[in-house]
Amino acid sequence: MTVYHSLQELQDLAEDRGVAVWEIVQQADMDASERTAQQSYDKMLEMYRAMKEADAKYDGSLLSASKKAGGDGEKLHQYNVSGRNLCGDFVGKVMEKAIKMGESNACMRRIVAAPTAGSCGVLPAVLLSYEEDHDAGEEQMVQALYVAAGIGKVIAENASIAGAAGGCQAEIGSASAMAAGALAFLQGADAQAVMHAAALSLKNMLGLVCDPVAGLVEVPCIKRNSYGAVNALVSAQLALAGIQSAIAPDDVIDSMRRIGNQLPCELKETGKGGLATSESAEHYLK
Amino acid sequence: MDLFDVVGPIMVGPSSSHTAGAVRMGYVAGCLLGEPVRKAEILLYGSFYATGEGHGTRKAIVAGLLGMKPDDYQIAESLTLADQRGIEITFGVARLEEAHPNTAIIRLWGVGDKSIEVQASSLGGSRINVDKIDGIDTNFTGECPTLIVHNLDQPGHVSEVTSMLAHESVNIATMQLYRSARGQKAVMVVECDQEIPQEALTWLNQVEGILKVTYFAGIS
């Protein structure tokens, strides 16, 4: 029976058995769900292909229910191809895909919650861009998705992946940690560096509150997907350079849980504080 | 927690709790009715009532009633589709106290003579909990095969159900018993690890003292 309850346990299992992190995550899924290796793999592949399809089907002419969100992904695309791309091709593409997915979600399009709908842009933005720009195979991308899912599962079980429980750090923060670990894996990091990429990423998102305007998954959620994705790039780069989180990865997750508990409920998806109660927010739906 | 609740589900946005969870609530309520819906009265509470419009919560619940899953593109068109099928739908506010902020009461009347009232809440992610059926407390998620038996509060009915399940090699994950009052109506909710064959359900339905057998194979 393969079971892990912390990032340290996940790392130890991979090291002790001399296998990759994603193999431990897959084995644990098989043991918990009675899925065969093929069934589990196929389901993860289905998630990856659904992300790809959602990205391809982005429609910049759509508007959300509030009629205020939509079209920013297209703006970013136009800027990225204008030849004046400030951040470079890869980072520009990651930002663009993240915003597009966030907008697709707000416009009632089909997306993959990863870990939530509000944070659905982070993981596909970095993975799809990586596959396109680094000539990686689909199999490798599915393996990276397992790494991300394993990290997300540990966060969900030891802290939270719900904005209502832990604030935005639990949604975009978790997504960013998952994406950072997946990217580090894709670039050949060992198990320890994968965990530190996730930890560095989450650490930088600690304290982020959930204060959506009018309670909608639009402001600030859509754009924050872009920041979460770039945060994952920075964290993976740091970890790949051999830089470690001074705070142990599991302690970062535990800190996120404690911070989430200490946040007032006004800042946990109730729309009763922060940006949601600003003067501009009162005009948002008008 | 299932790995594919972390990466997944594939769903129509914008909110896993207010949209995907709401579809699941409608879907489970529709399954519990056990026949096509003729009329639905949907009462929303708390955050569902306050922010449901922008999240498509109403469309999502109706989509579930029509048998759609959270990844169905037609969720946004569900009200029109229901209208085309001649289903009468009304919305209102649920007056509850101390309920989960994302709660709905779904009253359904079928094309035959069946009717049901389901109270459910959306817990975050797209996970839901069925809190009440016909006013009797329940507590199940709909994630695994679930058997709901309405029976008279008499000795022996639990044993009939569990013997049937044992005979079919179905393992019980959780089991809950509720009753309105001693000797009155009782409800048994059994969450299982395997699916229950149709003929076993048909048999159970004919047992004396068993009033109603509802089963659904699980959401995912």
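FYI, it's all coordinate maths here, none of it is from the lab. Owing to the predicted nature of the structure, the values given are computational and were not obtained by experimental measurement. Cβ placement follows ideal geometry from the backbone for every residue including glycine, while neighbour counts extend to all protein chains displayed.
Calculate how steeply helix A:89-106 sits against the longest principal axis of the alpha-carbon atoms of chain A, using the helix alpha-carbon long axis, and give the answer as 0 to 90 degrees to the nearest 10.
Here the helix axis deviates by roughly 70 degrees.
Could you list, in their original order, any pairs among A:Lys43/B:Lys132; A:Lys52/A:Lys272; A:Lys203/A:Lys286; A:Lys67/B:Lys59 whose Cα atoms are separated by more than 27 Å?
Violating the 27 Å limit, Cα to Cα: A:Lys43/B:Lys132; A:Lys52/A:Lys272; A:Lys203/A:Lys286.
Over segment A:7-284, calculate the relative contact order: mean separation of alpha carbon pairs under 8 Å at least 6 apart, over the residue count, as a percent.
20 percent
For segment A:164-178, just list the computed ³J(HN,Hα) in residue order, Karplus coefficients 6.51, -1.76 and 1.60, θ = phi - 60°, integers in Hz, with x standing in for Gly and Pro.
3J(HN,Hα) across segment A:164-178, in whole Hz: 5, 9, x, x, 5, 3, 7, 9, 5, x, 5, 4, 5, 5, 4.
For chain A, give the magnitude of the charge dipole about the Cα centre (Cβ charges: +1 Lys/Arg, -1 Asp/Glu; no others), in debye to the nearest 20.
Dipole of chain A, to the nearest 20 debye: 1040 debye.
To the nearest µm²/s, what D does Stokes-Einstein give for segment A:140-184 at 20 °C and 1.002 mPa s, using the Kirkwood radius over alpha carbon pairs as Rh?
The calculation lands on 208 µm²/s.
Which one, B:Leu152, B:Gly183, B:Val170, is farthest towards the positive end of the dipole of segment B:146-216 when Lys and Arg carry +1 and Asp and Glu -1 on their Cβ?
Going by the charge dipole, the pick is B:Gly183.
Between B:Glu168 and A:Gln78, what FRET efficiency comes out of the Förster formula 1/(1 + (r/R0)^6) with R0 = 60 Å and r the beta carbon distance, rounded to 0.05?
Efficiency for this residue pair is about 0.50.
Translational D (Stokes-Einstein, µm²/s) of segment A:7-284 at 10 °C and 1.306 mPa s when Rh comes from the Kirkwood sum over C-alpha pairs?
Result for D is 85 µm²/s.
How much of the calculated P(r) for the protein assembly as shown lies past 35 Å, in percent of all Cα pairs?
Working: 45008 of 127765 pairs.
Of all Cα-Cα distances in the protein assembly as shown, 35 percent exceed 35 Å.
So what is the 222 nm mean residue ellipticity for the protein assembly as shown from helices alone, if each DSSP H run of at least 4 adds -39500 (n - 2.57) and you divide by all residues, rounding to the nearest 500 deg cm²/dmol?
The per-residue figure over the protein assembly as shown is -14500 deg cm²/dmol.
So for chain A, taking the charge dipole from beta-carbon charges (+1 Lys/Arg, -1 Asp/Glu), which of A:Leu128, A:Trp22, A:Ile172 sits furthest toward the positive end?
A:Ile172
Would you calculate the separation in nanometres between label points at A:Asp190 and A:Cys265, each defined as 7 Å from the Cα along the Cα-to-beta-carbon direction?
For A:Asp190 paired with A:Cys265, the spin-label model returns 4.8 nm.
Once the Cβ-Cβ distance between B:Ser180 and A:Glu15 is put in as r, and R0 is 45 Å, what FRET efficiency do you end up with, to the nearest 0.05?
0.20
Using the Karplus curve 6.51 cos²θ - 1.76 cosθ + 1.60 with θ = phi - 60°, work out ³J(HN,Hα) for each residue of segment A:38-53 in order, rounded to whole Hz, and write x for Gly and Pro.
Each residue of segment A:38-53 in turn: 5, 4, 5, 4, 4, 5, 5, 4, 4, 5, 5, 5, 5, 5, 5, 5 Hz.
Around B:Gly218, which amide H atoms from residues at least 5 apart in sequence, or from another chain, sit under 5 Å from its own amide H, with H modelled in the peptide plane?
Under 5 Å from the amide H of B:Gly218 lie the amide H atoms of B:Thr146, each far enough along the sequence or on another chain.
Relative to the first principal axis of the alpha-carbon coordinates of chain A, what is the inclination of helix A:221-240, with its axis defined by its Cα atoms, in degrees from 0 to 90 and to the nearest 10?
30 degrees
Explain nothing, just compute: Karplus ³J(HN,Hα) = 6.51 cos²θ - 1.76 cosθ + 1.60, θ = phi - 60°, for every residue of segment A:122-138 in order, whole Hz, x for Gly and Pro.
5, 5, x, 4, 6, 6, 5, 5, 5, 4, 5, 8, 10, 6, 7, x, 4
Tell me, what is the percent relative contact order of chain B, built from C-alpha pairs under 8 Å that lie six or more residues apart? Let's see the in-between values first.
On the way: 468 pairs, mean separation 45.7, N = 220.
Relative contact order here is 21 percent.
Relative contact order for segment B:3-134: what percent, with Cα pairs under 8 Å and sequence separation of 6 or more?
Relative contact order for segment B:3-134 comes out at 35 percent.
Once both axes come from the Cα atoms, what is the angle between helix A:191-203 and the longest principal axis of chain A, in degrees from 0 to 90, rounded to 10?
Approximately 20 degrees, to the nearest 10.
Treating the beta-carbon of each Lys and Arg as +1 and of each Asp and Glu as -1, no other charges, what is the dipole magnitude of segment B:3-134 about its Cα centre, to the nearest 20 debye?
For segment B:3-134, the charge dipole is close to 80 debye.
What does the charge dipole of chain B about its Cα centre add up to, to the nearest 20 debye, if the Cβ of each Lys and Arg holds +1 and the Cβ of each Asp and Glu holds -1?
500 debye
Taking every residue in A:40-53, how many Cβ atoms of other protein chains lie within 10 Å of its Cβ, on average? Let's see the in-between values first.
Working: counts 2, 0, 0, 5, 4, 0, 3, 6, 1, 1, 5, 2, 0, 1.
Per residue, the average neighbour count from other chains is 2.
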